[in-house]
């Protein structure tokens with residue numbers, strides 16, 4: 001978190017935004033291989049993470065850690 005904030009401050013004058021996307025456990029093929037089948041209600045879907053990531057890329061904020069949690 002501190003690294004993201006420090007980098008965001010350092011590059012702010014160059015109009016470069018730096019954020020961190022921090023998803024909880026996400027149902028990906030690699031996760032299924034490593035952990036087997038888990039209840040879907042306990043995992044994020046990849047499209048949910050992708051939508052938040054795209055939304056963050058299109059936003060104006062910088063130096064943020066964006067937590068994505070199962071709801």
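Only the coordinates and a few stated rules stand behind these numbers; no lab work does. Bear in mind that the values here come from a model prediction, so they are computed numbers and not experimental data. Cβ sites come from the backbone with ideal geometry, for glycine too, and all protein chains shown count toward neighbours.
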Between the modelled labels at residue 28 and residue 56 (7 Å from Cα along Cα→Cβ) the distance in nm is 1.3
All-pairs Cα distance distribution in the range 2-68, expressed in whole percent, bin size 10 Å = 20, 39, 25, 14, 2
Using R₀ = 25 Å, calculate the FRET efficiency as 1/(1 + (r/R₀)^6) where r is the Cβ-Cβ separation of residue 42 and residue 65; round to 0.05.
-> 0.70
